[in-house]
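Computed from the coordinates by the stated procedures, all read-outs in this text should not be read as laboratory data. A quick note: this is a predicted structure, and the numbers were derived from the prediction, not measured. Every residue, glycine among them, receives a Cβ derived from its backbone with ideal geometry; neighbour counts consider all protein chains shown.
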Amino acid sequence: MVKITAQNLEGQLRTLISEIVETEPEKITLDAKFVDDLGMDSMMALEILAAIEKKYKIQIPEEELGKLKNLKEIINLTEGYLKARL
Amino acid sequence: MMNIEEIEKILPQRYPFLMLDRVTDIKAGEYIRAYKNVSANEEYFNGHFEEKPVFPGVLTAEAMAQASCLLIKKSIPDLKATLFYITNMKLRFFKTIIPGDRVDINVKVVKIVRTGGIFETEAVVNSYIVAKGEMTFACK
């Protein structure tokens, strides 16, 4: 299994999100707001959460859904659950 | 197991749009198995198609959606939402369904929250997968 570094986690999450939101990865900057800038809705957020759980084999509770505001927050959230898994 | 009366207590759909006849197995938060018997008498076969009746693929998707909604309601019993909207769907169809077929609908939870859910689903006829994919729903 490839070691997850901060750089490749950012790249992987950007790709994952771009496929769900159906936009170019370069538009997903660290601070771009999912709802205001990228047109994401709450069900896309749920799809992102489920895709992250499947890809990294982690469980993220429903309460975290509201925190998925931009890529930076998703990276922090995912890193937190990945560390907790180790 | 759930018979048609029990299904109707949960789902708002009615004839001619109720696409499940029976639930054979259900485990809250995990999966549901249900089926629909496709009869030659069904209205849409007049036009789909007159010479060669084929069960519409969109109705297979509807059967999958209805089974998913039952699973959401059984998984979150205190959920107030009564309406469910498909927000995303990725399905692949492999084989046509024709009058006389029993279509088994299997749905597995990917993720359920109080505002919606994501499900993996498949339709099976005579042990062959005739359609499969993933659906996302919002609850209102």
Heads up, the helices (runs of 4 or more DSSP H) in region A:27-86 (entirely inside) with at least 2 residues that are surrounded by 15 or more Cβ atoms within 10 Å (Cβ to Cβ) and among the aliphatic types (A, V, I, L, M) are A:42-56, A:71-85
Checked region A:53-86 for anything within 10 Å of the chain's Cα centre (by Cα), among the aliphatic types (A, V, I, L, M) and closer than 21 Å to B:THR115 by Cβ; matches are A:LEU68, A:ILE74, A:LEU77
Out of B:LYS52, B:LYS9, I need the residue that is surrounded by fewer than 13 Cβ atoms within 10 Å (Cβ to Cβ) and outside any helix (DSSP H, G or I). Which one?
B:LYS52
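What are the residues in region B:93-140 that are of a type in the set (Phe, Trp, Tyr), farther than 15 Å from B:VAL58 by Cα and over 12 Å from the mean Cα position of the chain (by Cα), if any?
Taking region B:93-140 as the starting set, the residues that turn out to be of a type in the set (Phe, Trp, Tyr) are B:93-94, B:119, B:128, B:137.
Retained after the next criterion (residues that are farther than 15 Å from B:VAL58 by Cα): B:119, B:128, B:137.
Those that are of a type in the set (Phe, Trp, Tyr), farther than 15 Å from B:VAL58 by Cα and over 12 Å from the mean Cα position of the chain (by Cα): B:TYR128, B:PHE137.
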Can you name every residue in region B:95-140 that is touching a residue at least 60 places away in the same chain (Cβ under 8 Å) and either within 12 Å of another protein chain (Cβ to nearest Cβ) or not in a strand (DSSP E or B) (or both)?
B:ILE98, B:PRO99, B:GLY100, B:ASP101, B:VAL109, B:ILE112, B:MET135, B:PHE137, B:CYS139
Scanning region B:3-40 residue by residue, those touching a residue at least 40 places away in the same chain (Cβ under 8 Å) and more than 14 Å from the chain's Cα centre (by Cα) turn out to be B:ALA28, B:GLY29, B:GLU30, B:SER39, B:ALA40
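The rows are residues; the columns are (1) within 21 Å of B:CYS139 (Cβ to Cβ); (2) in contact (Cβ under 8 Å) with a residue 40 or more places away in the chain; (3) within 14 Å of another protein chain (Cβ to nearest Cβ).
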{"position": "A:GLU22", "(1), (2), (3)": "no, no, yes"}
{"position": "A:GLU26", "(1), (2), (3)": "no, no, no"}
{"position": "A:THR29", "(1), (2), (3)": "no, yes, no"}
{"position": "A:ASP36", "(1), (2), (3)": "no, no, no"}
{"position": "A:GLU63", "(1), (2), (3)": "yes, no, yes"}
{"position": "A:LEU71", "(1), (2), (3)": "no, yes, no"}
{"position": "A:LEU77", "(1), (2), (3)": "no, no, no"}
I need the full set of residues from region B:28-65 which are in contact with a Ser or Thr (Cβ under 6 Å, 6 or more places away or on another chain) and of a type in the set (D, E, K, R), in order please.
B:ARG33
Residues of region B:71-82 satisfying the condition of being surrounded by fewer than 22 Cβ atoms within 10 Å (Cβ to Cβ) and more than 14 Å from every other protein chain (Cβ to nearest Cβ):
B:LYS73, B:LYS74, B:PRO77, B:ASP78, B:LYS80, B:THR82
